[in-house]
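Structure first, then comments.
The values are calculated or read from the model by the stated rules, or taken from the named source; none is laboratory data. Source: prediction; values computed, not measured. Here the Cβ positions follow ideal geometry from the backbone for every residue, glycine too, while neighbour counts run over all protein chains shown.
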Amino acid sequence: MNKKKGSLILLLLAFITTFAYSESEPVVLTLELKEDVVSETAAILISDYVEPEVGRAMADALTQSLNAGEYAAITDVTVFTDMLTSQIREISNDEHLWIAYSDPPMQTSDEIDNPTPQEEADWLAMQQHFNFGLNAVSKLRGNIGYLDYTAFMDAEPSAPAIGNAMDFLQHTGGLIIDLRKNSGGMPDAVALLASYFVGPEQVHFNSIFWRDTDTTEEFWTRTDLEGTWYGKDRPVIILTSSETFSAAEDFTYGMKANKRAIVVGETTRGGANPGGIKRVSSNFSIWISSGKAINPITGSNWEGTGITPDHLTSAENARIEAEKRLLELVIARTDDPQAKHDRQQALEALEAEL
């Protein structure tokens, strides 16, 4: 998947979420329309889903439900799409999969694959509006860093913003990366952020196998960074929640596999099968998982299981738990008497709050 296509996919995802809850008059769910949606959805599952046998099983289940009249009484499009989504997820345990209704009609496959200059400009403006996923960058007591990162957006336009954040954090003794509200994004941005913590040579951080092309795409870290390399020695803690998903899990899994981070929080959601949107009939679409992440160190991924933290705690308590653990790690590495005293005071104050 090229970057241009990936960008538009995320833009379309935002559009569909909006359209699904629009106030316009919904389509009339005739039996013929439901038959068309199920038929086309089944065909896409068979041809594109990354695990062919699972794709066939999902397609067969939808067809059987249609023939059994299970959709006959449904008149609401949201009820219909939610039921289809629930059925295919029950078989695949793949939370990337969903079926949605949109008004106005979905773009064609050609339009999805070939965004207009205006669509590309709109997508860039959206990324800028959300500050390329950088929600907060700060220095905490004891001079440890904090990076709240809510989305992995396109790597190239994100690079200056991430570089600026890393410049700000360059003198901190350790870093907390908060991914508790991060539900994914682009794999090239995952490799970009990882570049600040592994190396200094390029590291093969992740791969994605794509069924439609029968190829494996590799993602490597960079050495030409726009910002200060944090290095591979200072401690890093990643915060997770049950909503941490997809690309955010990719980063977490890869950092753990490279023995570069400790994870604190909740077990993540478990989505390692990337893909994209395909049109189903004129007003319906499916997010189809046509790829599978493969970590080069483990040879596996986190699909369906999620990532179990090194230290399990609630998402609500994860940050303060991480601050405590990070200060303990940093104090043990601190030689300067004044800095050590400052960090010990910070740890005592933090423990008094627990």
Only one of Gln128, Gln170 is farther than 30 Å from Leu347 by Cβ, over 14 Å from the mean Cα position of the chain (by Cα) and among the polar types (S, T, N, Q); which? Gln128
Would you call Ala136 surrounded by 16 or more Cβ atoms within 10 Å (Cβ to Cβ), modelled with pLDDT of 95 or more and among the small types (Gly, Ala, Ser)? no
In segment 48-69, which residue that is touching a residue at least 60 places away in the same chain (Cβ under 8 Å) and part of a helix (DSSP H, G or I) is nearest to Trp287 (Cα to Cα)? Asp48
Report yes if Thr240 is out of contact with any His (no Cβ under 8 Å at 6 or more places or on another chain) and either under 25 Å from Ser183 (Cβ atoms) or surrounded by 18 or more Cβ atoms within 10 Å (Cβ to Cβ) (or both), otherwise no. yes
Ala293 vs (1) assigned to a loop (DSSP other than H, G, I, E, B); (2) under 23 Å from Glu51 (Cβ atoms); (3) in contact with a strand residue (DSSP E or B) (Cβ under 6 Å, 6 or more places away or on another chain): all pass except (1)
By residue number, the members of segment 210-222 that are modelled with pLDDT of 95 or more and touching an Asp or Glu at 6+ places or on another chain (Cβ under 8 Å) are Trp210, Arg211, Phe219
Index of the failed condition, Ser282 passing every other in (1) outside any loop (DSSP other than H, G, I, E, B); (2) more than 16 Å from the chain's Cα centre (by Cα): (1)
Report, by residue number, each residue of segment 248-266 that is assigned to a loop (DSSP other than H, G, I, E, B) and either closer than 16 Å to Ala322 by Cβ or not assigned by TED's automatic domain parsing to the domain that holds Leu326 (or both). Arg260, Ala261, Glu266
Under 9 Å by Cβ, and 6 or more places apart or on different chains, what pairs join a residue from segment 135-158 that is free of Cβ contacts under 8 Å to residues at least 12 places away in the same chain with one that is assigned to a helix (DSSP H, G or I)? Ser138/Phe168
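Each row is one residue, and each column tells you yes or no for (1) at pLDDT 95 or above; (2) in contact with a helix residue (DSSP H, G or I) (Cβ under 7 Å, 6 or more places away or on another chain); (3) aliphatic (A, V, I, L, M); (4) crowded, with 19+ Cβ neighbours inside 10 Å.
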position: Leu8; (1), (2), (3), (4): no, yes, yes, yes
position: Ser22; (1), (2), (3), (4): no, no, no, no
position: Asp36; (1), (2), (3), (4): yes, no, no, no
position: Ala43; (1), (2), (3), (4): yes, no, yes, no
position: Ala61; (1), (2), (3), (4): yes, yes, yes, no
position: Glu70; (1), (2), (3), (4): yes, no, no, no
position: Asp76; (1), (2), (3), (4): no, no, no, no
position: Gln87; (1), (2), (3), (4): yes, yes, no, no
position: Asn93; (1), (2), (3), (4): yes, no, no, no
Could you pull out the residue among Ala42, Ala72, Ala136, Ala100 that is in a loop (DSSP other than H, G, I, E, B) and of a type in the set (A, V, I, L, M, F, W, C)? Ala72
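Rundown of residues vs (1) charged (D, E, K, R); (2) in a loop (DSSP other than H, G, I, E, B); (3) buried (at least 22 other Cβ atoms within 10 Å of the Cβ), yes/no style:
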site	(1), (2), (3)
Ile162	no, no, yes
Gly173	no, yes, no
Ile176	no, no, yes
Leu193	no, no, yes
Thr216	no, no, no
Thr223	no, yes, no
Thr228	no, yes, no
If you go through segment 96-103 one residue at a time, do you hit one that is at pLDDT below 85 and not basic (Lys, Arg)? yes
